[in-house]
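All remarks here apply to the structure that follows.
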Amino acid sequence: MAWSIGFSLLAAFLFAAAAALQYRAARRAVRGRSDAVAATGLIRKLVRDPVWLAGWAVNLGGFMSQAVALHLGSTGLVQPLLVSQLVFTILLGCAGTGCLPARMDLLGGIAVSAGLALLFTVPGAVPPAGEPSRPRLFVAAVLAAPLVLALSRGAALRKGRIRSVLLGTCAGLLFAGSAVLIKLTTADLVDRGVAATAADWPGYALAGTTLLGLVLEQRAFAAGSLPAAMTAMTMTNPAASYLLAVFAFHTRPPGSASAFAAVAVSAALLTAGVMAMARSAAAGRGGAAAP
């Protein structure tokens, strides 16, 4: 478990650094605007930007660290730890400007740390690793697809912070699916080899969900509010991953009163902590201060 936790935190840090770089590039690409028209041709502009390409390289390192963490532990263990990504975003913003974290930042960080500590120390709160059920994964995909379409459609009609939240939620849902597919693909590679992995569908589904998630993430950044986009992704990803771990991996949800209470209190602490940090000026400066 210790190695899985370590690689999860490394992934969270790398994702935060990548988000800062990509936010800066995305805002420059749309010249400060925040509507759907401004995002036309966004990806074509970003792939020519060296700052965005640097963020892509860092993001790739985050995905590799996440893949190792998921191979060593369950999605119910790894994905909640990615909430710490917002903590790292604030720290990077402070480091880039030389400021100190505000009181709300510290309280938010304490709440997130307490929520994670509670989740991981109460027996039965984190679903154990189990064998995946591919039919159940298909059902989950069928249920999630209309939600992603509805949210992305709603985002096309909005701008600014609301657009960032809607697109960030879509990206979070897709990244939660990617986490499950990463686990399936790495298991194929380790247990069955490259040829068998190439003949199986999870690797191709992983490429599709990850690519679409990254496109929506860039559009969320381009809409203008890094804290709003990061908060939506940070909360949606682990929550959806936790539900997927229970639903699709032949594992049981918390069965005891103490485990159920731990999950409920942990969710409340994480939500409160993320909401507090989402208002941080340092998080908003993260992209502007990125080298």
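The values are calculated or read from the model by the stated rules, or taken from the named source; none is laboratory data. None of the values given here were measured: they were computed from a predicted structure. All Cβ positions, glycine included, derive from the backbone under ideal geometry; neighbour counts span all protein chains shown.
A few comments on the model shown:
- Subset of the stretch 218-242 [more than 17 Å from Ile182 (Cβ to Cβ), out of contact with any Phe, Trp or Tyr (no Cβ under 7 Å at 6 or more places or on another chain) and of a type in the set (A, V, I, L, M)]: Ala220, Ala222, Ala223, Ala228, Met230, Ala232, Met235, Ala239
- Considering (1) part of a helix (DSSP H, G or I); (2) within 23 Å of Met275 (Cα to Cα), the lone condition that Ala145 does not fulfil carries the number (2).
- Cβ pairs under 8 Å, 6+ apart, first in the stretch 33-56 and of a type in the set (Val, Ile, Thr), second crowded, with 17+ Cβ neighbours inside 10 Å and at pLDDT below 75: Val51/Ala290
- Of residues in the stretch 216-268 being touching a Leu at 6+ places or on another chain (Cβ under 8 Å) and among the polar types (S, T, N, Q), the one surrounded by the fewest Cβ atoms within 10 Å (Cβ to Cβ): Thr236
- Of the numbered criteria (1) over 25 Å from Phe88 (Cβ atoms); (2) part of a loop (DSSP other than H, G, I, E, B), the one Ala125 fails is (1).
- Verdict on Ala57 being surrounded by fewer than 20 Cβ atoms within 10 Å (Cβ to Cβ), over 14 Å from Val274 (Cβ atoms) and in contact with a Ser or Thr (Cβ under 8 Å, 6 or more places away or on another chain): no
- Helices (runs of 4 or more DSSP H) (entirely within the stretch 158-264) containing at least 1 residues that are within 13 Å of the chain's Cα centre (by Cα) and of a type in the set (Asp, Glu): 202-222
- Subset tally (residues that are more than 18 Å from Phe88 (Cβ to Cβ) and among the hydroxyl-bearing types (Ser, Thr, Tyr)) for the stretch 103-122: 1
- Segments classed as helices (runs of 4 or more DSSP H), wholly inside the stretch 1-103, with at least 2 members that are under 27 Å from Leu116 (Cα atoms) and either among the aliphatic types (A, V, I, L, M) or at pLDDT 90 or above (or both): 2-29, 50-72, 75-81, 84-97
- Flag if Leu166 is touching a Lys or Arg at 6+ places or on another chain (Cβ under 8 Å) and either at pLDDT below 85 or not β-branched (Val, Ile, Thr) (or both): yes
- Taking the numbered list (1) under 20 Å from Ala268 (Cβ atoms); (2) modelled with pLDDT under 85; (3) part of a helix (DSSP H, G or I) in turn, Ile110 passes all entries but (2).
Conditions tested, residue by residue: (1) over 20 Å from Ala141 (Cα atoms); (2) charged (D, E, K, R); (3) modelled with pLDDT of 85 or more.
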residue	(1), (2), (3)
Gly160	yes, no, no
Cys170	no, no, yes
Thr185	no, no, yes
Tyr204	no, no, yes
Pro227	yes, no, no
Thr231	yes, no, no
Thr236	no, no, yes
Ala262	yes, no, yes
Ala268	yes, no, yes
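- Exclusive hit being under 27 Å from Phe120 (Cα atoms), crowded, with 17+ Cβ neighbours inside 10 Å and within 17 Å of the chain's Cα centre (by Cα), set Leu72, Leu21, Leu91, Leu14: Leu14
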